[in-house]
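The values are calculated or read from the model by the stated rules, or taken from the named source; none is laboratory data. On a predicted model such as this, the values are computed, not experimentally measured, just so you know. No Cβ is skipped: glycine too gets one built from the backbone with ideal geometry, and neighbour counts run over all protein chains shown. The area values use the complete protein model at the heavy-atom level, side chains included, leaving out ligands, DNA and RNA. Shrake-Rupley method; radii C 1.70, N 1.55, O 1.52, S 1.80 Å.
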Amino acid sequence: MSYYNEIKNELINNELTKQVKDYSKNKSDLTTYYNVGKLLSEAGKHYGEGIIKEYSKRLTSELGRGYSVTNLKRIRKFYYLFQKSPALPDQLSWSHYIELLPIKNINEINYYIDIVLKQNLGYRQLRERIKSDEYKRLDNKVKEKLINNEDVKITDLVKNPILIKNRDSYNIISEKILQKLILEDIPAFLEQLGSGFTFIKNEYKINIGYKNNYIDLLLFNYIYNCFVVVELKATEYKAEYLGQVLKYVNYIDENIKKPFHDKTIGIIICKENNQFVLKYSTDSRIFNTTYELV
């Protein structure tokens, strides 16, 4: 029964630490759950899987709520996760790790840990990103870059497909309606594109050859220091779309971009039977992805 007493003492000491040292609550939680998870793992090897249920019953009786079988199994799983990735950051809360524990792929876990740290995501925001299969919608080549800590381009982190919420349940989607749906929740759309995107204007007016043209969405990315032209198409990809976007990109480079900005890039978002399709244009500055209504 020494495993039980050690587990109980770890949990009691953690509760005392949280009461006395408020600033270290989170680190204390994670350290405690690692130690308890290790003890639960060792106890299971000696006494079998049923020991979790017995410990849960006793801890609940002696210490109160919070020590259900489900929670103890989470704590043990947290210990197992440490064996895969021993450098888990304590900037993430226990609530963050609860969201990550069901994920089996350690590379996927590391991806979400990275975006939590870089974008200061709360656990509810993390839950939504995981629910949307954000990592799975990255190109396999991009995943390899992330695994190998290679530099990624601005277009590498554009998800495919991009998920756009169809709140009003439109059956027929025109480019105007597609733009309306995006503008209704522009922060969510920018997150779909990746990190560092900011919104400048929709229907951005430019003049080419004494004729007015309108860029569907003009963005700026402060990480990559460049303007981003986004064109929305409610049909499948057509070759002429590339020429149109390239014309807009060149205009921004020649008339709006400053010498200290990097070259403008273009993103074409089009429809393709809700399938997972990714195309690259011959111009490396133009990226084509699809959208899916959800």
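Miscellaneous remarks
- Working from Cα pairs under 8 Å separated by at least six residues, relative contact order for the chain is 11 percent.
- For region 78-157 versus region 28-60, the spacing of their alpha-carbon centroids is 26 Å.
- Cα-centre dipole for the chain with unit charges at Cβ (Lys and Arg positive, Asp and Glu negative), debye to 20: 480
- With N counted as the residues of region 152-294, its alpha-carbon radius of gyration over 2.2 N^0.38 Å works out to 0.99.
- Counting only trypsin sites (Lys or Arg not before Pro) that DSSP places in a loop and that have at most 12 other Cβ atoms within 10 Å, the longest clean stretch of the chain runs over 168-237.
- Loop-located chymotrypsin sites (Phe, Trp or Tyr not before Pro) in region 140-240 (DSSP state not H, G, I, E or B) with no more than 10 neighbouring Cβ atoms inside 10 Å: 210, 222.
- Rolling a 1.4 Å probe across all protein chains gives residue 90 an accessible area of roughly 70 Å².
- In range of the label at residue 168: residues from region 221-259 whose backbone nitrogen is under 20 Å from the point 7 Å along Cα→Cβ: 232-235
- For the chain, calculated [θ]222 nm from helices alone, where every DSSP H run of n ≥ 4 adds -39500 (n - 2.57): -15500 deg cm²/dmol
- Accessible carbon and sulfur surface of region 120-233 relative to its total accessible area, %, 1.4 Å: 50
- Potential lengthening between residue 70 and residue 45 on full extension [0.36 nm per residue; Cα-Cα distance subtracted]: 7.2 nm
- Förster-model FRET efficiency, 30 Å R0, residue 6 and residue 104, C-beta, rounded to 0.05: 0.55
- Selection of GluC sites (Glu not before Pro), region 113-166, meeting DSSP coil and at most 15 other Cβ within 10 Å: 150
- Surface exposure of region 25-123, expressed per residue as accessible area with a 1.4 Å probe, stands at 53 Å².
- The chain - convex hull of the alpha-carbon atoms, volume per residue in Å³: 169
- Farthest toward the positive end of the dipole of the chain, out of 218, 164, 178, is the Cα of 164, where the dipole comes from beta carbon charges about the Cα centre.
- Cα-centred dipole magnitude for region 56-188, charges only on beta-carbon of K, R (+1) and D, E (-1), debye, nearest 20: 660
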